[in-house]
Structures are given as structure tokens and as C-alpha cells.
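Visitor: Mind looking over this structure? Questions follow.
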Protein chains: 2
Amino acid sequence: MTGGGQISPPPRLLMGPGPINADPRVLRAMSAQLVGQFDPSMTAYMAETSALYQDVFRTANDATVLVDGTARAGVEAALVSILAPGDGVLVPSFGRFGHLLVEIAQRCGAEVTTLEVPWGEVVPLERIEAALAEVRPKLVAIVQGDTSTTMCQPLDGLGDLCHAHGALLYADVTASLGGNTFEMDAWGLDAASAGLQKCLGGPSGSAPITLSPAAVEAISARSSVEAGLLDGDEQRPVDERIRSNYLDLGMILDYWGPRRLNHHTEATSMLFAARECARLLVDEGIDAAVERHRVNGGAMAAGLVALGMETFGDQRHRMHNVVAVHIPDGVDGDAVRAELLERFGIEIGTSFGPLHGKVWRIGTMGYNARPDAVLTTLAALEQVLRRAGFAVGAGAGVDAAIEHYGTGATE
Amino acid sequence: MTGGGQISPPPRLLMGPGPINADPRVLRAMSAQLVGQFDPSMTAYMAETSALYQDVFRTANDATVLVDGTARAGVEAALVSILAPGDGVLVPSFGRFGHLLVEIAQRCGAEVTTLEVPWGEVVPLERIEAALAEVRPKLVAIVQGDTSTTMCQPLDGLGDLCHAHGALLYADVTASLGGNTFEMDAWGLDAASAGLQKCLGGPSGSAPITLSPAAVEAISARSSVEAGLLDGDEQRPVDERIRSNYLDLGMILDYWGPRRLNHHTEATSMLFAARECARLLVDEGIDAAVERHRVNGGAMAAGLVALGMETFGDQRHRMHNVVAVHIPDGVDGDAVRAELLERFGIEIGTSFGPLHGKVWRIGTMGYNARPDAVLTTLAALEQVLRRAGFAVGAGAGVDAAIEHYGTGATE
């Protein structure tokens, strides 16, 4: 017997940096039966999904679609479609997901310039401007919310700076979208991509992406139609084509757009999930969702501090949906996480790279950005910390969070 | 209002070349709540999924995992991970999905040699052998079942031929796996990838893939660990790295394997779907599933011929799960398809490239490889053809299919 029985995952409250529990509405949407790839109902669902994500990204971009893969597929689709080998890209980096942008851009054959700040800080716009003037890249690629450090990079004004220096601006908003203010058009972004498994309350596996007319133009200048698909082929010389077929946004736009040229077979169940994630946000209102993340994230942070822990990083720039706290001296961080998982069914996050073993990362996002999830986590963590020998005031975390809720909405 | 209401797709019987209706067990599996990425239950599900697909592919390869994307992502992952720029690849091609292998391999920077036969035929092994001797490629890449022509390429013996000439062998088995005999190890393949939306009875969006030790060795020789992930990085010079990060099978194996190095966030719901698809096949028995496809596909073909239509292509090499028939003279193929969809809720397929407007492609696969689905399709098609002015014998298609079922199992 190789396969195990019927699917039956244990009950978990996922309070790490993501993935988090999916909203039950999203799980139900995925259980809908399939329709054909070009069925009128399917193309209507695609159009609705595009329109919904225009609302979520706050953009008028028609070129708003899904990449069929995890958030990372959306990042790579943006970079490989925009950047030709030899193109310059500037990556202001403040954590692991900045490293990822560098890594992916390098594999695209781009000339990458990195502008790094210490983990726990964000990148000052003046420094980006100076680097823009010096490097004159085709693209600036930056993360909005980097869960590895919990920092949220200010982006307001960056679009204008980039355009003044002839650069396009891409942001990876996977971890921030829906829980932190993001304004695609008002901030002048040219490309942004996300995932479902953070503030959008869905499973990983679909990457919403949006492209400005300027980004579409840059991509169209490299796009090519697949052989065997049209009678009169429109094939570009091999060396000039986008280096990936699967992640070629030109082809993906031809599939989603009026030409409806066959590319991949749309991941229908994930499209149903992505559509429902966006419906949840649009029904709630994007501003209300961001405020909910701000209030619940603030309550979690207040509770953790009241339990005697110190936050990591510049708290003025903390993402609403995840907070990092130093693991107290003498406490075994992995043992606490294991006991929280095994006895209470609650997951909190470990860390990467320079922060590994030093901080826990605790999320309040998407479906789990709720007071009951925050208070349950704080109550359980208090018990586990006490049992680990760390002196905690009885009820201190929960009291502080409740206090925060009393004042949080009017901060 | 931009977004439409609750998901509620119309009822469809999907009898085209795929996607087809998902088995309800698969849809239910996807509605399970999520767990964390490294939760012990999650890593156990990943291990079970790997073992199940070893059964499905008929292989002992430990390197049997999922690529988080549609079938096309699995194809590109195999090619981009094995082929370095300048490497030679031989593509014996007999349809649109052979063109796709050429297209993807070209974008990987490989030197591609194509060996083409007319649509409706398969490629004789002698011709592949002659080309192997001449080209001496690093890889032979071939489709097993190409739905564009409905042909199923014989692969038995090809592994030995490739190895004798120092080449690895990859097959795209997306459309054939589970419905046609496939023997990864007995036939000596080094890599194969699939999708869920054909004979596996699931939705598009996950690509099972398996790699022989020789393929793993070729990939390991190019793999690199992401910056910011380990303290002591193991980074390869940029020019030597696999050109994609997302589709880098070395990194995906490090994520699925004992090192558990973070890469993408596994698409949990799609993993649950992929696991259930494999459980369905393993529960039924792979041989029994192939036989079910053979019998139901044969019944469909017999019924279509009895309705007065002529099959396309070399029927000795037809895939079990899809048949192409010439659209009768004077009949508007798209109008028939539209009436079948609108009045009966039944989808059959149109065609690509040289066959566009000339043949319909009718599938019997996965959950829909069932007598009731075959007979319902034939009954409805008879009505629509008659209304379109084509002379059909009353009951001829259904009678022939029922006759076939009486004899089919013992052919």
C-alpha cells in the first residue's frame, strides 16, 4: 500500500507567515465541476476574474490575468517577460524575497544591480533615486511586503521616480496585497504579481498579475505565436523570444484576450478559487480589509509585547499581517513551535537566513485576520512559554490584545 | 458590479480532447482545509503522492514529484532543467504538441533537430534511430499521445535506442497516461511529465513528473541553491544555472526531498487533487483503467463510424481516449458543436492547424470513459447531425457502440 487513505488533514490554525487557512467560501468554490476551456461560461468567468483583480490591485489595466502557478511563477513571469538578456534591472532588497528577485532576474540573463539594506529596515526612496540615476535600468523590481523581515516597503512616489529615469516598476505584492494599502495606478506601477495564500485567503497555486500599457508594450515587443497554432504564423527569431513559453505573458494575454489563442489549459479550479478570493475582498471592501489586517495585526503585536517579547525590525514599517518577535533567551524556539502545533494545533513561523533561530514570525492574515484567531494564539502561546520556563504574566497577552481592539479602530 | 455571483458553472458533459469533467472524489479532496507547508501531515501527503505516482508511471524513481502548474509547466520544467543552452535535442514530431516541444526547447537555447511525419501517422523507430546516429543529441523529446492528431506513438524499445546513442529520453504523457499503456522503467525512459485533466480525471493545474537517476544526475550537474536560504550558500555561477528558478527541478527535488529546502509554497489544494487522481487509478488498477479507456474509446469510434463518419489517421495507432472524425461534407462543424453544447450540454472538440475545420475530436477519458457518457454523446450527436441535414440511420451510433461493448472486452 503506497498511497494512504482518503484526504483528512488535521485541524490547524495557521498563524505563520503563510500559507494560512483558506476561507471556506474559497474551498467550496473549488469544488464546482469543470467546464470546457473555451466554454462561454468559462470565458465569462475569466473576464469576471480579470475585472475583480482590477479592483483588488486598484488599477484600470485590462492586462490583469492569472498565471497558473504559485506566487513565484507570477514573479518569474513578470521578470522573464519584461527582461531580455542583457537588460539592466535594479533590485532594492531588504530580505529574502529581494534575494529571490535577484536570483530570478539573473537566470533571465539580466544585468542585476542590487541595493541592499540591513534586514529589519526598508529602502529609502532617495537611495533608489540615486541608484536609478547611476544604473539607468530598464526595470526596477522590488518586494512590497517581505515576510522574511516583516517589513513593508513604501512605494508611493516610486513610480514617478522610475519613469523619470526611463525605467518600468515591478512589485512583488504576494505577501502584502489585501492586507496593506496598495495602489497600482496611483503609485504608477507597471507590473505587480501576487498569490492567494496570504491576505487573499486562498490556497497557493494561482498568481494574479497586472500589467500597465507600458509593460504590455515592452512584452509585446518580444512576443511570438506558437508554431502549429495559426495558419499564418507570427514567429519571432528564436533569440528574440521570451525565454520561457509557459511564463510568456504575451502568450498568456493572447489566451485571456479577444484572440483566445490556445496556450496552457487554464487551471479551472484554481481560477474558481482566485475569483472567490477576489470576491471576498471586493465584497468586504479593499479599505475595510486593509483596516481589518491593521487592527488584528496590531492586536497580535501588542499581545506578544505584553507577553514579554521584543519585536524585530522598524515597527513604523511593519506589514499589517505579520510580526516578528525575538525568541526569548533560554527558550528553544523550535520546541515551542512544535508544542504549539502538537498540543494546540496552532502553527507559527520560523525564519530564514540571518534570522534563522532568532525570531518567530506570527501572521494574522486573510481568513485568519480575526480576533478569535489572535486571542486563541496568544492564550496558547502564553501556556507554552510558561511551560518552557519563560516568565509570563497570566493573561497579559490576551488582555493587551483586547485593550488594543478597544482603541485600535480609532488609532 | 464587476465580479458576478457565486460560482455556478452550467452542467456540461465534456467529451472533447480535455479537459474533461473531474471525478467528484477529486473535487471533494480539494475542499479539504489547508495545513502548513512543512507540517508533518503535509510532508506525509507529499511522500504518499510521490509513491502513488511511482505506481501510475510504473517506475521505481524516487524523483517523482509534482510541478505546480499545468501540464505545460511540467514539459518546460523537464526541458529547461535537462537542456543547457547549446545542447542538442531531437524531437520526433507528429502533431501540435511535438511543435510545442520544439518551441520550448528552442527557448531553452537548445539546438533542436525535428523529425516530422504527416499528421495522422506516428514516427517509425528506424527513422528515430537513424536521426540519433546522425545528430547525437543529449536528449530525445517526444509526445506519447498527441491529441491534435489522436495518434499514440510507440515508445517500447526507444529507451534502449536512445541510451545506445548516449541520449536521454523524455516523453510528454499528458494526454495518454492512465488511458494507454505506459511503462516508464520497462521502456527505459529518463523523464516523463503529465497533467491531471485528461485520463487522470482531475482539473488542470498540477503536473506529475518523474526522473530516472540519469536524468537527476544531469539536472544535479546544473543545480544551485537560492541565495538567502542557507548560511553556506551553494551557488553556481549565473551562466551555468538552470535558466528558470520556478521550473528548476533540482530545486523542486530539494524541496520534496529530505533537505526540504524552501522553494515555492506547495499548491496544497492541487496536491490534494493530484493525490486523489492517483488514488483513483491505483484503486482501479492501472491495467484495468487502460482497458476501460480502450473499450469505451472503441465504442465511441464504432458509434461515430456507424453514424456515417470517417475516422482520421492511422487507426492502428489511435490513442484509446480520443478519436478524430472528418466533419461530413456540407455540415458546418462549429454550428454542430455549438448546438450540441447549447441544447444538450455536451462538448466535443475542434482542431488546430492543418486540421482546423476538418475534423472533430471526441474524447472518452478519465471520469468520462464510461458507457453512459459514450451512449449519451452518440444519441445527442445523431439528433444534431440529422437537424443539420446529414443523413444518419436512426439509432445507428448507439447500436454500434452497444454492439462493441458486447465484444469489446474480449477483443
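The values are calculated or read from the model by the stated rules, or taken from the named source; none is laboratory data. As the structure is a computational prediction, the values presented were derived from the model and not from experiment. With ideal geometry, Cβ positions are generated from the backbone for all residues, glycine too; neighbour counts draw on all protein chains shown.
Visitor: Does segment A:148-155 contain at least one residue that is within 14 Å of chain B (Cβ to nearest Cβ) and within 21 Å of A:M319 (Cα to Cα)? Lay out the reasoning, then the answer.
Guide: So the first thing to find is which residues in segment A:148-155 are within 14 Å of chain B (Cβ to nearest Cβ), and the list is A:148-149.
Narrowing the set further to residues that are within 21 Å of A:M319 (Cα to Cα) leaves A:148-149.
Checked segment A:148-155: at least one residue is within 14 Å of chain B (Cβ to nearest Cβ) and within 21 Å of A:M319 (Cα to Cα).
Visitor: Can you name the condition, by its number, that A:S351 falls short on among (1) at pLDDT 95 or above; (2) buried (at least 16 other Cβ atoms within 10 Å of the Cβ)?
Guide: (1)
Visitor: Among residues belonging to segment A:148-172 that are touching a Gly at 6+ places or on another chain (Cβ under 7 Å) and within 21 Å of A:D287 (Cα to Cα), point out the one that is surrounded by the most Cβ atoms within 10 Å (Cβ to Cβ).
Guide: Let us first name the residues in segment A:148-172 that are touching a Gly at 6+ places or on another chain (Cβ under 7 Å), namely A:148-152, A:159-160, A:163, A:169.
Filter once more, so that each one left must be within 21 Å of A:D287 (Cα to Cα): A:150-152.
Numbers: A:T150: 34, A:M151: 28, A:C152: 26.
If we take residues in segment A:148-172 being touching a Gly at 6+ places or on another chain (Cβ under 7 Å) and within 21 Å of A:D287 (Cα to Cα), then A:T150 is surrounded by the most Cβ atoms within 10 Å (Cβ to Cβ).
Visitor: Okay, next question. Which condition breaks for B:L169 when tested against (1) in a loop (DSSP other than H, G, I, E, B); (2) in contact with a Cys (Cβ under 6 Å, 6 or more places away or on another chain); (3) of a type outside the set (K, R)?
Guide: Looking at each condition in turn, B:L169 falls short on (1).
Visitor: Can you tell me which residue within segment B:15-48, out of those that are more than 7 Å from chain A (Cβ to nearest Cβ), touching a residue at least 24 places away in the same chain (Cβ under 8 Å) and among the hydrophobic types (A, V, I, L, M, F, W, C), is nearest to B:G202 (Cα to Cα)?
Guide: Out of the qualifying residues, it is B:V26.
Visitor: Here are the criteria: (1) surrounded by fewer than 24 Cβ atoms within 10 Å (Cβ to Cβ); (2) more than 7 Å from chain A (Cβ to nearest Cβ); (3) in contact with a strand residue (DSSP E or B) (Cβ under 9 Å, 6 or more places away or on another chain). Tell me which single one B:R12 does not satisfy.
Guide: So B:R12 meets the others, but not (2).
Visitor: Just checking, which of A:R241, A:R260 is surrounded by fewer than 18 Cβ atoms within 10 Å (Cβ to Cβ), in contact with a helix residue (DSSP H, G or I) (Cβ under 9 Å, 6 or more places away or on another chain) and in the same structural domain as A:A51 (by TED's automatic domain parsing)? Outline the logic, then answer.
Guide: Details: A:R241 fails: surrounded by fewer than 18 Cβ atoms within 10 Å (Cβ to Cβ).
After applying the criteria, what remains is A:R260.
Visitor: Which condition from (1) under 20 Å from A:G308 (Cα atoms); (2) in contact with a Cys (Cβ under 7 Å, 6 or more places away or on another chain) is the one that A:M365 breaks?
Guide: Unmet for A:M365, out of (1) under 20 Å from A:G308 (Cα atoms); (2) in contact with a Cys (Cβ under 7 Å, 6 or more places away or on another chain): (1).
Visitor: Determine the pairs where a residue that is within 19 Å of A:S351 (Cα to Cα), located within segment B:242-270, has a partner that is at pLDDT below 95 and of a type in the set (A, V, I, L, M) with Cβ atoms under 6 Å apart, the partner being 6 or more residues away or on another chain.
Guide: Between residues of segment B:242-270 that are within 19 Å of A:S351 (Cα to Cα) and residues that are at pLDDT below 95 and of a type in the set (A, V, I, L, M), the close pairs are B:D254/B:L261; B:Y255/B:L261.
Visitor: A further question on this structure: Going through segment B:49-99 one residue at a time, which ones are at the interface with another protein chain (Cβ under 9 Å from one of its Cβ atoms), farther than 24 Å from B:D185 by Cβ and surrounded by fewer than 20 Cβ atoms within 10 Å (Cβ to Cβ)?
Guide: none
Visitor: Further, regarding this structure: What are the residues in segment A:282-304 that are within 10 Å of chain B (Cβ to nearest Cβ) and either in contact with a strand residue (DSSP E or B) (Cβ under 6 Å, 6 or more places away or on another chain) or not charged (D, E, K, R) (or both), if any?
Guide: A:V282
Visitor: Hey, another quick one. Among the candidates B:V290, B:V216, B:V305, which residue alone is more than 24 Å from the chain's Cα centre (by Cα), part of a helix (DSSP H, G or I) and of a type in the set (V, I, T)? I'd like the intermediate steps shown before the answer.
Guide: Values: B:V290 fails: more than 24 Å from the chain's Cα centre (by Cα); B:V216 fails: more than 24 Å from the chain's Cα centre (by Cα).
After applying the criteria, what remains is B:V305.
Visitor: Do you know which residues across segment B:257-301 are touching an Asp or Glu at 6+ places or on another chain (Cβ under 9 Å) and over 28 Å from B:A373 (Cα atoms)?
Guide: B:G257, B:R260, B:L261, B:N262, B:H263, B:H264, B:T265, B:E266, B:A267
Visitor: Only one of (1) polar (S, T, N, Q); (2) touching a Cys at 6+ places or on another chain (Cβ under 7 Å); (3) over 30 Å from B:A77 (Cβ atoms) fails for B:Q315. Which number is that?
Guide: Going through the list (1) polar (S, T, N, Q); (2) touching a Cys at 6+ places or on another chain (Cβ under 7 Å); (3) over 30 Å from B:A77 (Cβ atoms), B:Q315 breaks only (2).
Visitor: Considering only segment A:118-160, state which residues are in contact with an Asp or Glu (Cβ under 7 Å, 6 or more places away or on another chain) and on the phi > 0 side of the Ramachandran plot.
Guide: A:G120
Visitor: Next question, about the same structure. Considering (1) surrounded by fewer than 21 Cβ atoms within 10 Å (Cβ to Cβ); (2) touching a residue at least 12 places away in the same chain (Cβ under 8 Å); (3) closer than 30 Å to B:V336 by Cβ, say which one B:G4 fails and leave the rest.
Guide: Failed condition: (2).
Visitor: Still on this structure: Within segment B:113-140, track down each residue that is assigned to a helix (DSSP H, G or I), of a type in the set (A, V, I, L, M, F, W, C) and in contact (Cβ under 8 Å) with a residue 12 or more places away in the chain. Please lay out each step first, then the result.
Guide: Quick first cut of segment B:113-140, residues assigned to a helix (DSSP H, G or I) only: B:125-135.
Now drop any that are not of a type in the set (A, V, I, L, M, F, W, C), which leaves B:125, B:128, B:130-133, B:135.
Of everything in segment B:113-140, those that are assigned to a helix (DSSP H, G or I), of a type in the set (A, V, I, L, M, F, W, C) and in contact (Cβ under 8 Å) with a residue 12 or more places away in the chain turn out to be B:L125, B:I128, B:A131, B:L132, B:A133, B:V135.
Visitor: Among the candidates A:A380, A:A391, A:A369, single out the residue that is of a type in the set (A, V, I, L, M, F, W, C), over 28 Å from the mean Cα position of the chain (by Cα) and not assigned by TED's automatic domain parsing to the domain that holds A:T150.
Guide: Working: A:A380 fails: over 28 Å from the mean Cα position of the chain (by Cα); A:A369 fails: over 28 Å from the mean Cα position of the chain (by Cα).
After ruling out the rest, the residue left standing is A:A391.
Visitor: Now for a separate question. Examine segment B:96-106 for a residue that is in contact (Cβ under 8 Å) with a residue 40 or more places away in the chain, in the same structural domain as B:A221 (by TED's automatic domain parsing) and of a type in the set (K, R), and state whether such a residue exists.
Guide: Yes, segment B:96-106 has at least one match.
Visitor: Of the residues that sit in segment B:220-235 and are farther than 15 Å from A:R107 by Cβ and at pLDDT 85 or above, which one is surrounded by the most Cβ atoms within 10 Å (Cβ to Cβ)?
Guide: By that ranking, first place goes to B:S220.
Visitor: When you scan segment B:243-251, do you find a residue that is among the polar types (S, T, N, Q) and either more than 23 Å from B:F38 (Cα to Cα) or at pLDDT 95 or above (or both), even just one? Before you say what the answer is, go through the steps one by one.
Guide: Of all residues in segment B:243-251, those among the polar types (S, T, N, Q) come to B:244-245.
So of that shortlist, the ones also either more than 23 Å from B:F38 (Cα to Cα) or at pLDDT 95 or above (or both) come out as B:244-245.
For segment B:243-251, residues among the polar types (S, T, N, Q) and either more than 23 Å from B:F38 (Cα to Cα) or at pLDDT 95 or above (or both): present.
Visitor: Of all the residues that make up segment A:1-30, how many are touching a Leu at 6+ places or on another chain (Cβ under 7 Å) and among the small types (G, A, S)?
Guide: Initially, segment A:1-30 is screened for residues touching a Leu at 6+ places or on another chain (Cβ under 7 Å), giving A:2-3, A:14, A:19-23, A:25.
Within this subset, residues satisfying the condition of being among the small types (G, A, S) are A:3, A:22.
Here the count works out to 2.
Visitor: Can you tell me which residues in segment A:240-274 are more than 7 Å from every other protein chain (Cβ to nearest Cβ) and among the basic types (K, R)?
Guide: A:R259, A:R260
Visitor: While we're looking at this one, here's another question. What residue, of B:A186, B:A191, B:A175, is over 17 Å from the mean Cα position of the chain (by Cα), within 28 Å of B:E276 (Cα to Cα) and aliphatic (A, V, I, L, M)?
Guide: Values: B:A191 fails: over 17 Å from the mean Cα position of the chain (by Cα); B:A175 fails: over 17 Å from the mean Cα position of the chain (by Cα).
Result: B:A186 is the single residue among B:A186, B:A191, B:A175 that is over 17 Å from the mean Cα position of the chain (by Cα), within 28 Å of B:E276 (Cα to Cα) and aliphatic (A, V, I, L, M).
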